[in-house]
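No lab work stands behind these numbers, since they all come straight from the coordinates. Everything quoted here is computed from the prediction, not taken from an experiment. Because the Cβ atoms are built from the backbone with ideal geometry, glycine has one as well, and the counts that use them run over all protein chains shown.
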Amino acid sequence: PGAAAALAPCPRDGSAPPLSADLPARLLDAMRRFPGRVLFIFSGADLTAQEFLDMTKASRPWQQLLAAPAVQQHTLAGADHTFSTRAWRDQVADWTADWVQAW
């Protein structure tokens, strides 16, 4: 498949997007299908996290999905991709525990 197939929109009939769809489209589709709650924790000094957040800011479907009541987000300013300090890991653990207990 060429570039056109990779950029094909997700089907509107409820079926999964083609495997050739780009990763953000496949992830958006999976998130829409998932009936549960979701917790995103982003590290503030992580280029991968920033790329994801930039992509979501440029996408109305992503903005709508991330604003849903079932989705919670936290960003830990200054943290690297692996939350490599004890303080960062403790904060991630606290946010995660609070999120699970809120169920």
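Please find the FRET efficiency linking Arg32 to Trp95, where r is the Cβ-Cβ separation and R0 is fixed at 25 Å, and quote it to the nearest 0.05. Walk me through the numbers before you get to the answer.
Values: r = 24 Å, r/R0 = 0.96.
So the FRET efficiency works out to roughly 0.55.
Estimated translational diffusion coefficient (Stokes-Einstein, Kirkwood radius over Cα pairs, 25 °C, 0.890 mPa s) of the range 36-102: 193 µm² per second.
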